Amino acid sequence: MENLWYVAGTIFQLWMSVVVFFIMLPAMFGLSLGVTEVYIQVLVKILEWATLRIQRGQQEQPSAPIPLHTGIIERVGGSMEEEMWQLRCSRPEAAGAFCLSDGVYFCMKGLESIVEDQVTQRFSSEELASWNLLTRTNQNFYYISLRLTIIWGLGVFVRYCVLLPFRIALASTGISWLVIGTCVVGFLPESSAKNWLSELVHLTCYRICARGLSATIHYHNKENRPQKGGICVANHTTPIDVVILANDGCYAMVGQTHGGLLGILQKSMVRSCPHVWFERSEMKDRNTVTRRLRHHVAAKTKLPILIFPEGTCVNNTSVMMFKKGSFEIGGTIYPVAIKYDRRFGDAFWNSSKYNMVSYLLRTMTSWAIVVNVWYLPPMTIQDGEDAAQFANRVKSVIAHQGGLLDLAWDGGLKRYKVKDSLKEEQQKMYSNIIVGQNHIRNTKTCSETREDQ
Amino acid sequence: MGSRASTLLREEEIEEIKKETGFSHSQITRLYSRFTSLDKGENGTLSREDFQRIPELAINPLGDRIINAFFPEGEDQVNFKGFMRTLAHFRPIEDNEKNKNPPATEPLNSRTNKLLFAFRLYDLDRDDKISRDELLQVLRMMVGVNISDDQLGSIADRTIQEADTNGDTCISFQEFMKVLEKVDVEQKMSIRFLH
């Protein structure tokens, strides 16, 4: 019995010293020991080898489907008017402005969207061009060779038995220290020392958490980092986005108050520096939300707010509609583009498929999280521009930098149906085509005759 | 380690579908992945709601007519074979098929069958004629509230007048084909796969 306690005690001491010296101290100073970098390089070599083997294997088996992430079908890109004209062009003197071939246009558009549409694919994980030796991404890959299977098996062992316990321990250490640290700092009186300490605590603990995910983050254009009194907007793929961004700067988080463990975390965080947490009932009232955020931004000494205007997680292949609420607050917007490298692990949180815990487990049993973060130059709303247009402008800048597709569709379509007004827009567009120049000539004759009667 | 998408689809089924529709092995597996991703209830069939969940289809003015084309008369669920059979109409007509001796039964993606699909979009009661009422209903779907009943009526009348050759004030399939005879159906009514 005593021996057991003794052993447990020694392990604990050993673990603590490893964490303090090899992880916490470097984290406090923003340094890195380079272990993760070496790990990533080794991984890249292994994955490249695996890709070659798979390609060779696919050449030997021509019936195996080649996975694509560029799309399944060729889509015709013309506008409604162009396409309909082409369908009719064989009858240039169409007496009526409507032709039976118009229905064919809608038919084809509909069928193309049934085979492949731009929206629903954003709510599930992106397919890989080549297998990355994780069973979970094994969509269309066949058995190739024994060597590959062995490497895969080794990978499973390493990920589940070596990396996973280490990462879980590290992440729990990081989070518990964050709670304790912010609580302690909260007792101090308001002063610049308190702010400095709070930033240190936040940064260190987030860095420990990032180590707990084997996250390698490349920050670009650090000169554009969000300043106090500003609003930072970024594309949203996973809750881990917060950890990724907070590794390099301190932000005031915005969100709903939760109960349980997360609630404890939120309460202690807000003691050391002002985050903006809303009750569920307050969230419904847009004015309350905007007012509080405006108040926060106006006090130029407070930390920049971090907002994800998409409102939901999407799979990092595109940027979906930015809700204009964040852009009505005023202040300077600091756009940030985040792009995850899919080869090392899928960071996307498919909330309809996995709950938080299984998502974290999946993330911790992936190879690593490799992510590029680009800080973009600050933007402000221009004259004559409304919030929605400003939101679109920011969105296209982020999409362009991150190499993501810029979509106008609402990320909320993950959960609810599309608005009827969009269908009405299509109908209006079509009506304009058939009540066009040709038709005026014809209807005039018809209505003239009717009026004469 | 096999392909996860096709472990639920047996090789024999793939062969059957290949024979019936002419899609290649990889196209069938790809479309099966698509089918399963649309099948939220995971029961091997799609309902009308599953189709409605595609935003681009939900905003299509003829969306309901297109969805209807997948469901056989009176049924509410479509399985993968039925799904593929409908999509087969839109497979491109390959050159080597044109030159071969015509097969015993007309392939699903022949010009006639493509046009028949378009015809059935208008023919609401499936009686092989497009009446003035049916044409008006479909026109109303396409234009929404933007055109008055009178204008729409005159458009319908003019269309029928032009197309109707046997004077029965309805458009039969033969008359429909005549109207669209110059349209490059093979090119316009085909979905090209990228591989």
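The values are calculated or read from the model by the stated rules, or taken from the named source; none is laboratory data. Remember, predicted model here, so these are calculated numbers, not experimental data. No Cβ is skipped: glycine too gets one built from the backbone with ideal geometry, and neighbour counts run over all protein chains shown.
When you scan the range A:438-453, do you find a residue that is surrounded by fewer than 16 Cβ atoms within 10 Å (Cβ to Cβ) and modelled with pLDDT of 85 or more, even just one? No. Please determine whether any residue of the range B:49-62 is modelled with pLDDT under 90 and either aromatic (Phe, Trp, Tyr) or farther than 16 Å from A:LEU111 by Cβ (or both). Within the range B:49-62, none of the residues are modelled with pLDDT under 90 and either aromatic (Phe, Trp, Tyr) or farther than 16 Å from A:LEU111 by Cβ (or both).
Checking each residue in the range A:256-274 for being closer than 28 Å to A:THR36 by Cβ and surrounded by fewer than 17 Cβ atoms within 10 Å (Cβ to Cβ) picks out A:LEU261, A:LEU262, A:LEU265.
In the range B:158-176, the residues that are within 12 Å of another protein chain (Cβ to nearest Cβ) and under 16 Å from B:ASP127 (Cβ atoms) reach residues that are in a helix (DSSP H, G or I) and aliphatic (A, V, I, L, M) with C-beta atoms within less than 6 angstrom, at least six apart or across chains, in these pairs: B:ILE171/B:ALA163; B:GLU175/B:ALA163.
Can you tell me which residue within the range B:16-53, out of those that are assigned to a helix (DSSP H, G or I) and more than 12 Å from every other protein chain (Cβ to nearest Cβ), is surrounded by the fewest Cβ atoms within 10 Å (Cβ to Cβ)? Explain how you work it out, then say what you get.
In the first step, residues of the range B:16-53 are kept if they are assigned to a helix (DSSP H, G or I); the result is B:16-21, B:25-38, B:48-52.
Now narrow it down to the ones that are more than 12 Å from every other protein chain (Cβ to nearest Cβ): B:16-17, B:19-21, B:48.
Values: B:GLU16: 13, B:ILE17: 23, B:LYS19: 8, B:GLU20: 15, B:THR21: 22, B:ARG48: 14.
Here the answer is B:LYS19.
Pairs linking a residue in the range B:6-31 that is touching a residue at least 24 places away in the same chain (Cβ under 8 Å) to a residue that is among the acidic types (Asp, Glu) and surrounded by fewer than 17 Cβ atoms within 10 Å (Cβ to Cβ), with Cβ atoms under 9 Å and 6 or more positions apart or on different chains, are B:GLY22/B:GLU94; B:GLY22/B:GLU97; B:ILE28/B:GLU13.
Confirm whether A:GLY96 is in a loop (DSSP other than H, G, I, E, B), at positive phi, facing chain B (nearest Cβ under 10 Å) and at pLDDT below 75.
no
For the range A:149-164, the tally of residues that are more than 14 Å from chain B (Cβ to nearest Cβ) and in contact (Cβ under 8 Å) with a residue 24 or more places away in the chain stands at 4. Of the residues making up the range A:307-336, those that are of a type in the set (A, V, I, L, M), under 22 Å from A:VAL119 (Cα atoms) and part of a loop (DSSP other than H, G, I, E, B) number 3. Kindly check whether there is at least one residue in the range A:107-116 that is modelled with pLDDT of 75 or more, within 30 Å of B:LEU115 (Cβ to Cβ), of a type outside the set (A, V, I, L, M) and over 32 Å from the mean Cα position of the chain (by Cα). Checking the range A:107-116: at least one residue is modelled with pLDDT of 75 or more, within 30 Å of B:LEU115 (Cβ to Cβ), of a type outside the set (A, V, I, L, M) and over 32 Å from the mean Cα position of the chain (by Cα). Note on the range B:54-81: residues that are part of a loop (DSSP other than H, G, I, E, B), surrounded by fewer than 17 Cβ atoms within 10 Å (Cβ to Cβ) and either within 12 Å of another protein chain (Cβ to nearest Cβ) or without any contact (Cβ under 8 Å) to a residue 12 or more places away in the chain (or both) total 3.
Checking the stated criteria, A:MET84 turns out to be surrounded by 12 or more Cβ atoms within 10 Å (Cβ to Cβ), modelled with pLDDT under 85, over 35 Å from the mean Cα position of the chain (by Cα) and more than 7 Å from every other protein chain (Cβ to nearest Cβ). Here the helices (runs of 4 or more DSSP H) wholly within the range B:84-195 that include at least 3 residues being closer than 20 Å to B:PHE70 by Cβ are B:111-122, B:132-143. Within the option set A:MET283, A:MET253, being free of Cβ contacts under 8 Å to residues at least 60 places away in the same chain, farther than 30 Å from A:ALA169 by Cβ and surrounded by fewer than 21 Cβ atoms within 10 Å (Cβ to Cβ) holds for one residue only, A:MET283.
Just one of (1) touching a Leu at 6+ places or on another chain (Cβ under 8 Å); (2) more than 27 Å from B:LEU9 (Cβ to Cβ); (3) β-branched (Val, Ile, Thr); (4) facing chain A (nearest Cβ under 9 Å) fails for B:VAL145. It is (1). The set of residues from the range A:103-129 being more than 7 Å from chain B (Cβ to nearest Cβ) and part of a helix (DSSP H, G or I) comprises A:TYR105, A:GLN121, A:ARG122, A:PHE123.
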